[in-house]
1. Where q = 0.05, 0.10 Å⁻¹, what log10 of I(q)/I(0) comes from the Debye formula for the chain, counting one point per Cα?
2. For region 387-399, take each phi angle, set θ = phi - 60°, evaluate the Karplus expression 6.51 cos²θ - 1.76 cosθ + 1.60, and give the result in whole Hz per residue in order, putting x for glycine and proline.
3. Run the dipole for region 473-559 about the Cα centre, Lys and Arg Cβ at +1, Asp and Glu Cβ at -1, nothing else charged, and hand back the magnitude in debye, nearest 20.
4. Given C-alpha coordinates of region 799-882, what is the ratio Rg to Rh with the Kirkwood estimate of Rh?
5. Using Cα centres only, tell me the gap between region 399-440 and region 796-821 in whole Å.
6. With a probe of 1.4 Å, find how much accessible area the chain has per residue, and write the answer as a whole number in Å².
7. Set the Förster distance to 22 Å, then compute FRET efficiency between LEU329 and ALA173 from the Cβ-Cβ distance, nearest 0.05.
8. Can you compute the modelled spin-label distance between LEU829 and ARG255, with each label point 7 Å from Cα toward Cβ, in nm?
Amino acid sequence: MSEAIVQFLAQAGTAGKPEARSVAAGVASAREQIYREFDLGVPAEQLIHDSSDLIDRVLEWCFLRFIGDREHCGCSLVAVGGYGRSELLPGSDIDLMILLEKNANKEQQQQISAFLTFLWDIGLEVGHSVRTIRDCVRQGKVDVTVMTNMIESRLIYGNEKLYEKFQQAISPAKIWPSRKFFEAKLEEQQERHLRYNDTAYNLEPNIKEGPGGLRDIQIIGWVAKRHFGAKSFAELVGHGFLTDVEYRILDAGQRHLWRVRFALHRIAGRREDRLLFDYQKTIAERFGFESGEHNLAIEQFMQQYYRTIMELERLSEMLLQIFREEILLTASQKKIKPINERFRLRNNYIEVTHPDVFKQHPPALLELFLLISLNPNCEGVTASTIRLVREHLYLVDDAYRSDATVNRLFMQLMSAPSGQTHQMRRMNSYGFLAAYIPAFARITGRMQYDLFHAYTVDQHTIFVIRNLRRFALKIHEHEFPFCNLVYGMLENPCLLYLAALFHDIAKGRGGDHSELGAQEATRFCVQHQLNRKEIRVVSQLVRDHLLMSVTAQRKDISDPDVVRDFARQVGSMNMLNYLYLLTVADIRSTNPKLWNNWKDALLRQLYNATKTVILRGIEHAPDIDEIIQENRDAAFDEMSDLPFSAEQIDSVCDRVPGDYFLRHHPLEIKWHVNEILSHSGESRLVSIRQSAQYSNTKVFVYGDEAAHTFSQVTGTLGSLGLSILNAEIFTTCDNKIMDTFIIQDHNGEAVTDSDMIARIEKRLLEALKSDSIYEGQSNTRKPRHLKAFDHPTEVQFEQDYLNNRTVMEISALDMPGLLSVIANVIAELDINITHAKISTLGERVDDIFYLTTPDRSAITDQALLQRLEQNLVAALEARKAA
C-alpha cells in the first residue's frame, strides 16, 4: 500500500507547489483500498498500521515540499497520540507536533501555515501543535494529557538530534516521574469511568472511552512505557507482569476492539467510537453472525463484545494493581496483617498466604469474597491473588457446588451486613459467579436488543441487588423512605437477594423465563439447604417478579376486583413486602430513565390497596359500592373548608359516575369541584397543578362532551413536546367532560415553568373550542435511537363484562404524536374512551384504552372492532413511514 502511494506521489508533482486535487484523489484512493481489504478479511491490526504508514509517506512528501529536507529545515515532524503508536484508523484524527529548535521566524511560520493548509486541502484531518522543547516541558508539566500524547511520540521526518533532545527533556527523570504519572492516570481513569455510569455494559457503549475499552488498554501501555520502558505488551511477559495466557487474552481483546472500531469507521464514513444501534445490526451481519430461534445475530455479537470487555476489565484491574504495588508502595510501606491461616492483608489488599491455598482448600475461593465483605479495611485483592483465582476456577465443579462448606459460605455472603454488591461484581468479574452458578454463565454479557433494557442481564441482576441493599441502609433512606420502611418488616432479607440473583437467570432460553428461573432457584435453594418455606418464598418471587409491575402499569388498579385478584395471587403481607421491594429495585435497575414518580405512585397505590385487602381478609374485602361511598365521604370531609354549600358540592358530585370516586384521591376531587364551582359561569376550563406527593403535573379539563375532545387534548399536549402518562376520562350525566391527564416534559420531569403552564392552558382552551379531531403535527423530531428499531403495530381486545366496557391494548413503535393518531382513529368511529394507561417500554409503547359505545356500553360489534383495529394499524404504520 505505502509503495503504491510513493509511486503516486512521485508522479503527482515535483519540487514547488504540488497540486492538492490530485494528491487528495490519490490519498482517497489509497484509503478506499484499505477499506476494501478490510471487507475482504485483512486483519484490522494490520490495516491500522498500513494506514499509519500511508499517512507517514504522504506527510513526509508534503513536508519536503513546503518546509525542506531534514538537514536544513531546523525542525522535526512528530506523530503523537494514537498516530504516534502507529495505530491509525481511517476516521481517526492525525495528531502532529512540529518541534522547533527555537521560536519560528516569519519565513518558518509561512512555511508551516502553508504545509498545514495543504494537509487539510488533501483531506487529512490534522490536529497539530507547534512547540519548542521548552514549550513541551512547560505545557507537559501542567497537563498530564499533553504529557501522555508526547510520551507516545514518534519521529516521522526532520531533525533527529532535536527529537532526541526532546525525548530526554520529557523523561521521567526530568518531569512527571512514574509515580506521579501513574497516580494522575488512575484519577483520570476513575473520572472517565464515572462519565459512563461506571459500567461498560450500556446499550450503546463507547468502545474507546468506556470501562474496559481501548483507553483502559492504552493506560496500561502508557504506565508500562513510563515506568518500565516497555514498548509493547509482550515485554510485560518478560518483566513477569503478564503470563503468556494473559498476554494472549489482552492481545486478542485489543485486536477485537480494533476490528469493531474499524468497522464503525467503515460504516459511518467518519470517526465514530460509539457502538450505536444504527451500526450494531450491520456490524453483526458483516461479522457473520446469524439469528437463532432465541438469540438475534445482534445479541450474539454484542454478547461477544461484552465478554471481551469483561476479560479486559479484569486484566486491567490486575495489571494496574501490579503497577500500584510496584510503583506506589515502597518496602517500608508494605505492611502485612494476618486474617487466618489462608489469607492476610498486605497494605489493606487481601492475598493468599501461599500459592497453593486454593488447591489445598478449594472453599477458600469463595471464602475470599466473604472475608472482603466482612473486613471494612480491605480495599481490594492483590494482583497475584486475582491471578490465582482465575487459574483455579477449574476446581469449581459439581462436587464443589454441592460441598456443604462452600454452600454455607455462599449463604453467609448473601447475608453479610455490608459489601455484598461489591463482592457480587467482583465474583462476576473474576468469573467465579458463572462457574459457581452455571446458569449465570449463559446470561453473562447477554444484551436484549431493545431500548427498555439498558444493561446486560448479568449487570442488571447485580444492579437489582445493589438497589435492594440501598433499601437496607440508613444512609440511603432519603432516596426511598417507604422502601426502607418496608425493608424493616422483612422476615429474612437474604431470600430477597436470592430471588434477585435468579429473577432473570433464564433470559434468552425461550419459554417463560420467570417459570424457568423459578425452577433454577428451587434447585439452588435445595442444594443450599433452605427449608421448605424459604424455598417457596424464593421460588414464588422469581416466578411472579413481573406480577406487581404488570398489574400496576397495565391494569385498572382502581377496580377492587383487580386488587382482590392481585392480593389472592400474592397471598400474604410478607410476600407483598418482598414483591414490592423486588419490583421497585427491578424497574430502577432496568433503565435509569424508566423509573419516575408516576410509577412510584402506581406501585404505592397497589401496595396500600392490597395491604388493606389482605389485612381485612381477601374474602371479606369491601365491595365496589362500599369503596365508592367511603371515598366520597372522605372527599366531602376534605371539601368542608371550601366556600360553597353542601348543596353546591352535591350538585357537582351527583352528576359524575360512581367510578369517578374510585379513580380520584379525595384531594383531587376537591380540586375538581372547587375549579368547577369557582368558574360556574364558564362553559369550559383548564386547570393545572403540581402533585406535591409525587412531583408530577396534572391537567384538569372541563367542558362540553364531544367525541373529538380526547383527540384535541392529546394532540395539543403532544405538539408542545409533552408526554401523557395517564388519562382519566369521565362524562357527567348532563354531558360535561371531567378529564384528568398526568403529564411530564421531554426530560421526564414535572412541568413547573409558569410561562409553559400558561401556554398549555391557553392552547387547551383553544382546542376545546374545536368541532373536529386534531389535525396538527407534532413538533418533536423522531429520536435517533428509534430509527434503528421496528416494531409491528398489534391491537388486542378483551371484554370487561363486569364493568361493561371493552379493553383495547395497543403495542406499537414509539413515535412523536402517536397518542394523537390513536385518539383520532377512535374519535372517527364515534367510540368513547373512559380511561387510558400510557406505558413506554424503550422503543415501543404498550398502551391500554378502556372503550365504550356512545351509550356507555361495551363494544360487542365485532365488525366495528375489526374496523378499529385495521384503521389503527394503517394509521400508525403510515405515521411510522412518514
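1. Computed log10 I(q)/I(0) values: -0.39, -1.17.
2. My calculation for region 387-399 gives 5, 5, 4, 4, 6, 10, 5, 4, 6, 7, 10, 4, 5 Hz in order.
3. 280
4. 0.96
5. 45
6. Normalised by residue count, the accessible surface of the chain is 43 Å².
7. The calculated FRET efficiency here is 0.55.
8. Placing both labels 7 Å along Cα→Cβ, they lie 5.9 nm apart.
The values are calculated or read from the model by the stated rules, or taken from the named source; none is laboratory data. Keep in mind that this is a model prediction, so the values were computed, not measured. Note that each Cβ is placed from the backbone with ideal geometry, even for glycine, and that neighbours are counted across all protein chains shown. Heads up: the accessible areas ignore ligands, DNA and RNA and are worked out on the full protein's heavy atoms, side chains in. Shrake-Rupley method; radii C 1.70, N 1.55, O 1.52, S 1.80 Å.
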